[in-house]
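First the structure, in the form of structure tokens, and then the observations on it.
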Amino acid sequence: MCGSQKTVPAKIIDKIIEEIDKLPSPNVVVQRIIAVCSKPDASSTEVANTLMMDASLSARVLKLANSAYYGVPREITTLSEAVMILGFKTVRNLALSVFTYDMVFKNSSSGIDREKLWEHFIASAIASETVAETMGYPLKEEIFIAGLLHDLGKVVYDLLFSDILETEAKIAQKTKKNLIDIEEELGIPPHSEVGAKLLRKWNFPDLLVLSAEFHHNVAGNPNELFVNQVSMVHIGDVIANLMMKGASLSWGDPELSPFALNVLKVKPKTFLRILDKSKEKYSKAQEFLQID
């Protein structure tokens, strides 16, 4: 059983937290896009001009902008056009999606199925966004990116200590448990805490940090300003796990928080409707799964 496999030395556990500070930050273009889009007076021209500083990023953003997911009736050929049609927050999300994709696949050797993990990231982003749409939340783009980044701690483990993550994942699959429970049994800092620490290091907004840190414990979120948003990401994560069991490295039954359901007043029928809509939207998001 897992309880008899606490073989991770304490010095390794301490080093996990220490090593996070050595991970690189998003490149200057991505940082600039985040900064521009956080300004209340941000303009679409600023966003487009910033993206143009990186030709590869620009091309990949345009590829996503023309994907079936957005269903634009005609081809978008320029970044300025993409910003005008999709909105600068969506274009920012596309840039962050490219950055996150590169981070997930950065490690040349890994003991986990990174393609499946990336599928979970995208499914979580889409499902979280769908929850926001269903609830009438006006800033659905923010919830999309929060859903995308909520499991970033797993990527940190893969980059820094892939053998630990591989061991956890194998135990989770063998015992049909969730990764967060295996982490607790082995005495390993939870991926939720690790991901939040990295996002704080990058100076990302509180919504993204709190969604990463409390998506498994919505009721534990101390910031009342973000209770609804973190609840949306939690439900999105649960739906993604229902859509693709094991893709997130968790193999137990998803644990849906009654607290989150009550906060958002989500009834069973509404939950099933969100699940069906998320599956439909995910089927149109194939370009997100391969952003090379």
Note to self: Quick check on this structure: which one of Asn221, Asn228, Asn217, Asn203 is closer than 21 Å to Asn93 by Cα, surrounded by fewer than 24 Cβ atoms within 10 Å (Cβ to Cβ) and in contact with a Ser or Thr (Cβ under 9 Å, 6 or more places away or on another chain)?
What the structure shows: Asn203
Item checked: Exclusive hit being of a type in the set (A, V, I, L, M) and farther than 22 Å from Ser110 by Cβ, set Val209, Val156 -> Val209
Note to self: Condition first: outside any helix (DSSP H, G or I) and farther than 30 Å from Leu264 by Cβ. Can you find one or more residues in the range 115-125 that meet it?
What the structure shows: no
Checklist line | Subset tally (residues that are over 15 Å from Ile16 (Cβ atoms) and open to solvent by less than 50 Å² (accessible area, probe 1.4 Å)) for the range 160-176 | finding: 4
Next item on the list: Take the range 16-52 and flag every residue that is within 29 Å of Ile188 (Cβ to Cβ) and either without any contact (Cβ under 8 Å) to a residue 24 or more places away in the chain or open to solvent by 80 Å² or more (accessible area, probe 1.4 Å) (or both).
Entry: Glu18, Asp21, Lys22, Pro24
Margin query: Checking the condition loosely packed, with under 15 Cβ neighbours inside 10 Å and under 23 Å from Lys170 (Cα atoms), which residue from Asp237, Asp253 passes?
Written below: Asp253
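The values are calculated or read from the model by the stated rules, or taken from the named source; none is laboratory data. This is a predicted model, so every value here is computed, not measured. Here the Cβ is made from the backbone with ideal geometry for all residues, glycine too, and neighbour counts use every protein chain on show. Protein only, heavy atoms only, side chains kept; ligands, DNA and RNA dropped before computing areas. Shrake-Rupley method; radii C 1.70, N 1.55, O 1.52, S 1.80 Å.
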